[in-house]
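To start, the structure under review is shown below, and the notes come after it.
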Amino acid sequence: MDLLTKNSKIAKSNVRAYNFGIPAFRDERGFATCPFAGACAKGCYAQAGAYKFSNVSKAFQARLDLVRQNPQAFTLQVLSELKRKKVERLRVHDSGDFFNPEYLQLWLDIAHASPTVQFYAYTKSVQWVKDAQAKGQVPTNFTFVFSYGGRQDHLIDRNRDRHSWVFSSLQALKDAGYADTSETDDNAADQNVRCIGLVYHGTKKLSNTQWQAVKGEPERKVS
Ligand code: SF4
């Protein structure tokens, strides 16, 4: 089983990019893989569509089982795949999130050991990442985007932190002055881009999700 793959969005990247995923929200045994998921869980793209195909969800579960049961073997396999596939950029979690501080640290260690690879992750595990940043544990080749819609939204400082917001339309995204990552993730991987916008693309209608309950819609910047 390969740990690093390419989804259709990653395949459009401007460099040799791969992604890594685990089950979204909870695994098949009820283990919380997105411990700080909030409003996002109801319209979660990673709990629908191609992500629910049995081969995809089995692979996600197998990757999670490996990292929880044998983190050392997991680390060695990731390092080996990064080299073999000549990966230039890795998105950690096209599905799932950092489920505990030790798991976050494992990825920071992998990034430390792979200085030529650019790592990035959207996350709702804001406090653990901020703790690691405050302790100087985050290598320069790993950038995080705090994504709104979780239970730690109040910890995000949108004037300083890289963050993402889900918009109802491309026009609303542009009006707020956010960088679009609806088609490719290149802006999310770029440390210099602070405000990342995505257009909602879940299978449920937006009105049937809880996105409207997320507080603090970015202000419109254009007249
Ligand atoms: S954190 Fe991401 S993957 Fe997890 S439930 Fe929310 S949207 Fe889905």
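Taking the alpha-carbon centroid of each part, what is the distance from the range 107-148 to the range 1-24 in angstrom?
18
Checking understanding here: applying a Kyte-Doolittle mean of at least -0.5 and a length along the axis of at least 15 Å (C-alpha), which whole DSSP H helices in the chain pass? Don't jump to the answer; show the numbers that get you there.
Values: long enough: 54-69 (22 Å, -0.38); 71-84 (19 Å, -0.13); 101-112 (16 Å, 0.02).
Long hydrophobic helices here: 54-69, 71-84, 101-112.
Would you mind checking the range 8-30 for residues with the amide N under 16 Å from a putative spin-label position 7 Å along Cα→C-beta of Glu183?
Of the residues in the range 8-30, 8-15 have backbone N under 16 Å from the label point off Glu183.
So if each residue of separation counts as 0.36 nm, and I subtract the Cα-Cα distance between Asp175 and Thr75, what length gain in nm does that give? Each step should come with its number before you reach the end.
Values: separation 100, 0.36 × 100 = 36.00 nm, distance 4.20 nm.
Here the answer is 31.8 nm.
Want the number for Glu102 to Phe53: 0.36 nm per residue separation, take away the alpha-carbon distance, what's left? It would help to have the intermediate numbers written out before the result.
Details: separation 49, 0.36 × 49 = 17.64 nm, distance 2.93 nm.
Full extension of this stretch gives 14.7 nm more.
Which FRET efficiency, nearest 0.05, do Glu88 and Gln133 yield, Cβ-Cβ r, R0 22 Å?
Numbers: r = 23 Å, r/R0 = 1.07.
Computed FRET efficiency for Glu88 and Gln133: 0.40.
Given a Förster distance of 22 Å, report the FRET efficiency between Asn159 and Glu217 from their Cβ-Cβ distance, rounded to the nearest 0.05.
0.90
In the range 108-223, what is the count of Lys pairs whose alpha carbons are under 29 Å apart, counting only pairs at least 8 residues apart or on separate chains?
Close lysine pairs under the 29 Å cut-off: 17.
Please state the relative contact order of the chain as a whole percent: Cα pairs under 8 Å, 6+ residues apart?
On the way: 372 pairs, mean separation 50.4, N = 223.
About 23 percent, as a whole number.
Sorted by mean Cβ packing within 10 Å, highest first, what order do the peptides 72-80, 20-28, 126-134 take?
On the way: 72-80: 15.0, 20-28: 21.0, 126-134: 16.7.
Result, highest mean first: 20-28, 126-134, 72-80.
Can you give me the long-range amide H partners of Ala179? Hydrogens built in the peptide plane at 1.01 Å from N, cutoff under 5 Å, separation of 5 or more residues or another chain.
For Ala179, the qualifying residues are Cys195, Ile196, Gly197.
Taking amide hydrogens as modeled 1.01 Å from N in the peptide plane, which residues meet the under 5 Å criterion relative to Thr33, leaving out close sequence neighbours?
Counting only residues 5 or more places away or on other chains, the set is Phe25, Arg26, Asp27.
Where a number appears in this text, it was derived from the coordinates with a stated rule and is not lab data. As the structure is a prediction and not an experimental result, all values here were calculated from the model. With ideal geometry, Cβ positions are generated from the backbone for all residues, glycine too; neighbour counts draw on all protein chains shown.
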